[in-house]
1. Can you name the residue in segment A:28-54 that is at the interface with another protein chain (Cβ under 7 Å from one of its Cβ atoms) and modelled with pLDDT of 85 or more and is also surrounded by the most Cβ atoms within 10 Å (Cβ to Cβ) among such residues?
2. Can you work out which of the residues in segment B:273-286 that are of a type in the set (D, E, K, R) and surrounded by 11 or more Cβ atoms within 10 Å (Cβ to Cβ) is farthest from the chain's Cα centre (by Cα)?
3. Report, by residue number, each residue of segment B:176-227 that is in a loop (DSSP other than H, G, I, E, B) and charged (D, E, K, R).
4. Out of all the residues in segment B:15-56, which are surrounded by fewer than 24 Cβ atoms within 10 Å (Cβ to Cβ), closer than 13 Å to A:Ala56 by Cβ and facing chain A (nearest Cβ under 7 Å)?
Amino acid sequence: MEFILKVLGESRHLLLDAAVYILFGLVVSGLFRVFLNPNSIARHLGSGRFSSVFKAALIGVPVPL
Amino acid sequence: MLPAAVSLRKQGATQGATTAFLISTPESGVDSIAVTWAMMDPVMTVARPASAFITAFVAGVAENLFSYRKGAAPAIPDLTCPVDGCCDGVGCDPEDHRNHHRFTEKLRAGLKFAVTDLWGDMAPWFFFGLLLAGLITVLVPEDLFSRHLGSGLPAMLLMLAVGIPLYICATASTPIAAALILKGVSPGAALVFLLAGPATNMASMTVLLGTLGKRATVIYLASIAVCSVLLGLAVDHVYAVLGISAKAAAGQAAEVFPIGVQWIAAVAVVGISVKPTVQKLRSIIEKKGSVAAASKTKKESAAEANCAPEAGNPLSPRPPCSGAT
């Protein structure tokens, strides 16, 4: 029992550390979803052996999925 | 995650671009960057997205060296209105299309999407990660890793072996990596876990085999393995050169917010997590029951049928297998 409480205590500590940032991340993710234009994204990824890869990799970094 | 990549490919993205997107998207996102800042230190906050980008670029270029063909089909983007799907955007003036909804409506739709769809998928895994991290912190003796395999190639390979089959998203893997670092795992080895964990798992491998093919899957896995180990070694080198220890820095950013704000945020996070977590648990229990029943009659044929790509249209989305984040 004491062991379980200890584990839960550590988890709670981590949750407190992360919670504000999780909410922040979710808000930004939501804004991406409605304000990014899928048209321009698709236009850039269709051609180019290197440039399409470069752009796709770069776009993927902030996109939260 | 996979549905987005599959739709990119359908919209005419090159195979390499699809692969790159398929790697950098799960390995990094604004949410996981923010959480890394909270739970680890500035070096890791930069190293994670940078490494995700490098890994994705290398894998994508490797892919295109084999498969690139000039003059492929042009891209046809999905312009469906993200607010409520009121209009598919085809033959609609872009300026008009953008103004279908007011700013506040868009804002609300975006937040709703983040809370229900994004966090709904993530929440069960995040809490699983939190518990696992708590368990590591309590169970593992302080000096186990630092004395036996805290750094260097063996530690990286171990992290690779753990991370590749594991199904965990970037945000949920962060507390686990933070707990490992506090127990003496080198930041580079933790980075290997952070890169390999989200980018690969058994479910996504099956879908990759079906949609991109065997060669592409091998390139995908090899690039991730080689890049993450090399980047892990590089990050350890950066820490050595800077003369700072990741252990000391972990958890420091938390002091930025007063404890009251942290509690309010934590309660809010738990609040939006209850529903998806309960649903996930329920579906796991139900699945176990139905799998047991199905295995008596059909064995695995049903699952295979779900995953098999359609002939002539290998990239059509397969909802039963593409639920991975």
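The values are calculated or read from the model by the stated rules, or taken from the named source; none is laboratory data. The structure presented is a predicted model; accordingly, all values stated were derived computationally and were not measured. We place every Cβ from the backbone using ideal geometry, glycine too, and count neighbours over all the protein chains shown.
1. Checked segment A:28-54; the qualifying residue surrounded by the most Cβ atoms within 10 Å (Cβ to Cβ) is A:Val53.
2. Here is the first cut: in segment B:273-286, the ones of a type in the set (D, E, K, R) are B:275, B:280, B:282, B:286.
With surrounded by 11 or more Cβ atoms within 10 Å (Cβ to Cβ) added as a condition, the list becomes B:275, B:280.
On the way: B:Lys275: 21, B:Lys280: 18 Å.
Among those residues, the one meeting the criterion is B:Lys275.
3. Narrowing segment B:176-227 to residues in a loop (DSSP other than H, G, I, E, B): B:183-186, B:200-201, B:212-213.
Correct list: B:Lys183 only.
4. Listed by number, the list holds a single entry, B:Phe53.
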